[in-house]
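A short write-up of the structure that comes next.
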Amino acid sequence: MAAASPLSFFLSSVGVFYSVTVPFLLLLLLAVVLLVSASTPGAKAGHVARAMFHYIMQGIGIVLMTVGAIPTLTSVLGGPPYPGRVYMSLLWVFLVGGSLFLWNEQCTQKIDHASLTVVHVLFVTTVKTIGYVVALFSGLVLLIQIALGQYTPHWWVSPVILLLYGILLFWSARESEIADPSFQSAPLHTAHKAHKKAKKARGWFGLRLFTKRA
């Protein structure tokens, strides 16, 4: 029996549907982000487009690092062992993903904050949501398997790795969101500082509320 052609999926009705709708929805999403970002005071359309490109490449870098790291950890901690060439291939995939992520992250440092704000918020929110969902469902799988008492050899490896991976994604995105100074515009930040000084001046017995966000 002849093997199916790799293009058979794209030539089917389902493949044609996704081949048309997925690029269209992606372009629509990029157009909406571009319009919203360009409406931000001080943002430039060209810089917004560059920011979108670099953040998409960062997302691809995260995917490549995930593909390289999770199968390797699963195999080392109790999964089926792979030949040495497979481990080397996974290592190369991880290194390429990490290099892609770091290089594009450095490129975003050269773009003004006004053009980065909306794209950065969208990227961080997406990563944080994915990490939260992965950690939530991995934790549920662990609890369900413990409740059912269905223990197979090394049953905990994949759920624990995915749980830690989801927590890592959520924590990294949260730290990036808190540490980024572009979420506050200059007038708002100045008004916030003035309001904080006023609260400090009229605090009771020298005490003040710690309401500052990092």
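Derivation of every value follows stated rules applied to the coordinates shown; laboratory data play no part. If you're wondering where the values come from, they're calculated on a predicted model, not measured in any experiment. Because the Cβ atoms are built from the backbone with ideal geometry, glycine has one as well, and the counts that use them run over all protein chains shown.
Rounded to two decimals, what is the ratio between the C-alpha radius of gyration of the range 26-178 and 2.2 N^0.38 Å?
Values: Rg = 18.7 Å, N = 153, 2.2 N^0.38 = 14.9 Å.
Rounded to two decimals, the normalised Rg is 1.26.
A Förster radius of 30 Å, combined with the Cβ-Cβ distance separating Phe17 from Ile146, puts the computed FRET efficiency at roughly 0.15. Each residue of the range 117-126 was assigned a 3J(HN,Hα) from its phi angle through the Karplus expression (A = 6.51, B = -1.76, C = 1.60, θ = phi - 60°), giving 4, 5, 5, 5, 4, 5, 5, 5, 5, 5 Hz with x at Gly and Pro.
Sequence-ordered 3J(HN,Hα) estimates for the range 80-87 from the Karplus curve with 6.51, -1.76 and 1.60 and θ = phi - 60° stand at x, x, 10, x, x, 5, 5, 4 Hz, glycine and proline given as x.
Please arrange Leu116, Leu122 by how many other C-beta atoms lie within 10 Å of their C-beta, fewest to most.
Leu122, Leu116
The mean sequence separation of alpha-carbon pairs under 8 Å and at least six residues apart, normalised by the residue count of the range 26-178, gives a relative contact order of 29 percent. Other residues lying with their Cβ under 11 Å from the Cβ of Asp112 contribute a combined charge of +3, Lys and Arg counting +1, Asp and Glu -1.
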